[in-house]
Amino acid sequence: MEWQDTGIVLAARRHGEGHAIVDALTPGRGRTRGYVRGATSRRLRGVLEPGNEVALTWRARLEQHLGAFQVELVRARAGPLLGDPAKLATLSAACTLLTLTLPEGEAHAGAFGALRAVLDLLAGLEVAPEAMAAALVRLELGLLGDLGYGLDLSRCAATGTTADLVYVSPRTGRAVSRKAGRPYRDKLLPLPGFLLGSQAGPVTAETAGAGLRLTGFFLERLVLHPADRTLPDARGRLAALLAAKVGSDAATDGGDDASARTE
Amino acid sequence: MSTGHAPDIDRLIQLLGKLPGLGPRSARRAVLHLIKKRDPLLVPLAEALATVRDRVRTCSVCGNADTVDPCSLCADPRRATGTLCVVEDVADLWALDRSDLFTGRYHVLGGTLSALDGIGPDDLSIAPLVDRVRREAIEEVILALNATVDGQTTAHYVTERLASTGVRVTALAHGLPVGGELDYLDDGTLAAALQARKSL
């Protein structure tokens, strides 16, 4: 068996002295895995970094086999990000999460597109951490949908209204309007406005942080914990950067009430 | 199937074959060579292995492997005490020290952060590094970590942890290798080299 495709490197685990087992995300075959001989060679050393776009040739006798990858660099995405902690955290979080959650050999074109969108954003020269976090939240929201746990943010679960949606029910994953959710607001998750298509709100450090908490809650509960896994540490580092920014913004604004802005 | 030699020799071949760079075939050649050079090579090698087995330990200060604790680098009074070079593992420490370019002291982290391999901050020697910086009046910490996503993620994390100590944190430069030709470099290296350009 043999196929060729383009892909994005998600992870490379060293195997033996000079080889590696590589996870890559392809548009047509989803997450695929292959053995790369000579992965630590001078030619391949910088190629097998998470986020790099590569041309892949996969060969094996049977489809169920691990198979061998031939890898050629198409676009080095990781190198330019190494100096920026927020970009690096976003890249690591996205690639690790997709490696941990996507089943092998199942096409998820949406996840590929979302990862590429995140990488395109990170390639920009001046990108705010909240924009990176928002892109990661969108990727995670799509991932939840791809895995069969999509959140329904289109209308209020209680009243059916499509206006003023500010909460998500942690039990059902459905949106709740401000009025219907008021009695239960301590138990509901804040819904950041930027996730609501037509009602799109601004992306701030605070709303991006709320978005990370929202998708993180459902990813942990529905996808990761049942498989005895946890959210990537890199995601926590990005959230910490945002929290620090919220703190400094609040200090600059003279301590505006942050919770008022979320709603 | 007969191997043509005693089980003890077969066991030695198997053990040597587990070493980096050696497979079963090269291990067999090495064993044959040792048998032929019994007195000048096999006996001293066995003695050296026994000595290392009995005496090697991890330095309680820097994490280096040596036969004394603190290691010979930490105990050397000629080495500068104000500069600390942080490396991923002992192999990196030995590589840097072989170059004779750095005359300060070292700290071995013992790996890099990796979510997939389950390596978090508590698995690395980061807290002892922070303690050491506070205790030893370090003026500069040089992060000599790999130019990989995991290596640089660790570098940023260590920088963050060291922020409260007020120490100057620097990192090795990334970019054009000595003898490198521009048209053979990948985009990432070129981007790093452009970002780190300097006035002439």
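The values are calculated or read from the model by the stated rules, or taken from the named source; none is laboratory data. Since this is a predicted model, take the numbers as computed values, not measurements. Counting neighbours? That spans all protein chains shown, and the Cβs are built from the backbone with ideal geometry, glycine included.
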Exercise. Just to be sure, is A:GLY51 away from every other protein chain (no Cβ under 14 Å), at pLDDT 90 or above and crowded, with 18+ Cβ neighbours inside 10 Å?
Worked result: no
For this session: Note down all Cβ pairs under 6 Å where the first residue falls in the stretch A:89-111 and is within 23 Å of B:VAL158 (Cβ to Cβ), the second is of a type in the set (Lys, Arg) and part of a helix (DSSP H, G or I), and they're at least six residues apart or on different chains.
Result: A:ALA89/A:ARG237; A:ALA93/A:ARG235
Exercise. Does the stretch A:119-138 contain at least one residue that is surrounded by 16 or more Cβ atoms within 10 Å (Cβ to Cβ), away from chain B (no Cβ under 14 Å) and closer than 26 Å to A:ARG43 by Cα?
Worked result: no
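Answer yes or no: is there a residue in the stretch A:23-35 that is among the polar types (S, T, N, Q) and either within 12 Å of chain B (Cβ to nearest Cβ) or exposed (fewer than 15 other Cβ atoms within 10 Å of the Cβ) (or both).
Of the stretch A:23-35, the ones among the polar types (S, T, N, Q) are A:26, A:32.
Now restrict to residues that are either within 12 Å of chain B (Cβ to nearest Cβ) or exposed (fewer than 15 other Cβ atoms within 10 Å of the Cβ) (or both): none.
So far as the stretch A:23-35 goes, no, none of its residues is among the polar types (S, T, N, Q) and either within 12 Å of chain B (Cβ to nearest Cβ) or exposed (fewer than 15 other Cβ atoms within 10 Å of the Cβ) (or both).
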For this session: For the stretch A:174-190, name all the residues that are over 14 Å from A:ALA163 (Cβ atoms) and not in a helix (DSSP H, G or I).
Result: A:ARG174, A:ARG185, A:ASP186, A:LYS187, A:LEU188, A:LEU189, A:PRO190
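For the stretch A:15-52, give me each residue that is in contact (Cβ under 8 Å) with a residue 12 or more places away in the chain and over 20 Å from A:GLU104 (Cβ atoms). Can you show your working first?
Of all residues in the stretch A:15-52, those in contact (Cβ under 8 Å) with a residue 12 or more places away in the chain come to A:15, A:17-41, A:44, A:46-52.
A:GLU17, A:GLY18, A:ARG37, A:GLY38, A:THR40, A:SER41, A:LEU44, A:GLY46, A:VAL47, A:GLU49, listed by residue number.
Which of the residues spanning the stretch A:224-233 are over 15 Å from A:LEU139 (Cα atoms) and crowded, with 19+ Cβ neighbours inside 10 Å? Break it down stepwise before answering.
Just the residues of the stretch A:224-233 that are over 15 Å from A:LEU139 (Cα atoms), to begin with: A:224-230, A:233.
The one that is over 15 Å from A:LEU139 (Cα atoms) and crowded, with 19+ Cβ neighbours inside 10 Å: A:ASP233.
Please count how many residues of the stretch B:80-99 are aliphatic (A, V, I, L, M), buried (at least 16 other Cβ atoms within 10 Å of the Cβ) and farther than 27 Å from A:THR230 by Cβ. Please lay out each step first, then the result.
So in the stretch B:80-99, the residues aliphatic (A, V, I, L, M) come out as B:80, B:84, B:86-87, B:90-91, B:93, B:95-96.
Then keep just the ones that are buried (at least 16 other Cβ atoms within 10 Å of the Cβ); that gives B:84, B:86-87, B:90, B:93, B:96.
Filter once more, so that each one left must be farther than 27 Å from A:THR230 by Cβ: B:84, B:87, B:90, B:93, B:96.
The total comes to 5.
Considering each residue of the stretch A:191-238, count those that are farther than 19 Å from A:LEU147 by Cα and in a helix (DSSP H, G or I), and give that number. Full working, then the answer.
Just the residues of the stretch A:191-238 that are farther than 19 Å from A:LEU147 by Cα, to begin with: A:191-194, A:196-210, A:233-238.
When the remaining residues are screened for being in a helix (DSSP H, G or I), the result is A:193-194, A:197-199, A:205-210, A:233-238.
Here the count works out to 17.
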For this session: Residue by residue through the stretch A:1-19, note down the ones that are within 14 Å of chain B (Cβ to nearest Cβ) and crowded, with 22+ Cβ neighbours inside 10 Å.
Result: A:ILE8, A:VAL9, A:LEU10, A:ALA11, A:ALA12
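Could you list, in sequence order, the residues of the stretch B:100-113 that are crowded, with 20+ Cβ neighbours inside 10 Å and either within 12 Å of another protein chain (Cβ to nearest Cβ) or under 24 Å from A:THR90 (Cα atoms) (or both)?
Narrowing the stretch B:100-113 to residues crowded, with 20+ Cβ neighbours inside 10 Å: B:105-109, B:112-113.
Matches in the stretch B:100-113: B:LEU109, B:THR112, B:LEU113.
Yes/no matrix, rows are residues, columns are (1) over 17 Å from A:GLU17 (Cβ atoms); (2) in contact with a Gly (Cβ under 6 Å, 6 or more places away or on another chain); (3) surrounded by 12 or more Cβ atoms within 10 Å (Cβ to Cβ):
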| position | (1), (2), (3) |
| --- | --- |
| B:PRO7 | yes, no, no |
| B:LEU12 | yes, no, yes |
| B:GLY21 | no, no, no |
| B:ALA27 | no, yes, yes |
| B:LEU32 | yes, no, yes |
| B:ILE35 | yes, no, yes |
| B:ASP39 | yes, no, no |
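Residues that are under 20 Å from the mean Cα position of the chain (by Cα) and within 22 Å of A:LEU44 (Cβ to Cβ): find the helices (runs of 4 or more DSSP H) completely inside the stretch B:89-200 holding 1 or more of those.
Details: elements: B:90-98, B:126-135, B:149-162, B:187-195.
Where helices (runs of 4 or more DSSP H) fall fully within the stretch B:89-200 and carry at least 1 residues being under 20 Å from the mean Cα position of the chain (by Cα) and within 22 Å of A:LEU44 (Cβ to Cβ), they are B:90-98, B:149-162.
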Exercise. When residues of the stretch A:71-98 are filtered for being within 9 Å of chain B (Cβ to nearest Cβ) and polar (S, T, N, Q), how many remain?
Worked result: 2
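On the basis of being closer than 17 Å to A:LEU231 by Cβ and within 11 Å of another protein chain (Cβ to nearest Cβ), does A:THR101 make the cut?
Working: closer than 17 Å to A:LEU231 by Cβ: yes; within 11 Å of another protein chain (Cβ to nearest Cβ): no.
Considered against the rule, which asks whether it is closer than 17 Å to A:LEU231 by Cβ and within 11 Å of another protein chain (Cβ to nearest Cβ), A:THR101 comes out as no.
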Exercise. Condition test on B:ASP117, is it within 30 Å of A:ALA94 (Cβ to Cβ), of a type in the set (Asp, Glu) and within 14 Å of chain A (Cβ to nearest Cβ)?
Worked result: yes
Exercise. Checking A:ALA39 against (1) surrounded by fewer than 16 Cβ atoms within 10 Å (Cβ to Cβ); (2) at pLDDT below 90; (3) under 30 Å from B:PRO20 (Cα atoms), which test does it fail?
Worked result: (1)
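For the stretch B:138-163, which residues satisfy the criterion of being of a type in the set (S, T, N, Q) and either touching an Asp or Glu at 6+ places or on another chain (Cβ under 8 Å) or under 24 Å from B:CYS74 (Cβ atoms) (or both)?
Restricting attention to the stretch B:138-163, the residues satisfying the condition of being of a type in the set (S, T, N, Q) are B:146, B:148, B:152-154, B:159.
Scanning the stretch B:138-163 gives B:ASN146, B:THR148, B:THR154, B:THR159.
Tell me, which residue of the stretch A:46-89 that is charged (D, E, K, R) and under 25 Å from the mean Cα position of the chain (by Cα) is farthest from A:LEU122 (Cα to Cα)?
If we filter the stretch A:46-89 for residues that are charged (D, E, K, R), which is where we start, we get A:49, A:53, A:59, A:61, A:63, A:72, A:75, A:77, A:84, A:87.
After this cut, where a residue has to be under 25 Å from the mean Cα position of the chain (by Cα) as well, the list is A:49, A:53, A:72, A:75, A:77, A:84, A:87.
Details: A:GLU49: 15, A:GLU53: 14, A:GLU72: 22, A:ARG75: 14, A:ARG77: 9, A:ASP84: 10, A:LYS87: 6 Å.
Only one residue tops the list, namely A:GLU72.
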Exercise. Which residues, counting only those in the stretch B:144-180, are basic (Lys, Arg) and either farther than 14 Å from B:CYS85 by Cα or at the interface with chain A (Cβ under 10 Å from one of its Cβ atoms) (or both)?
Worked result: B:ARG161
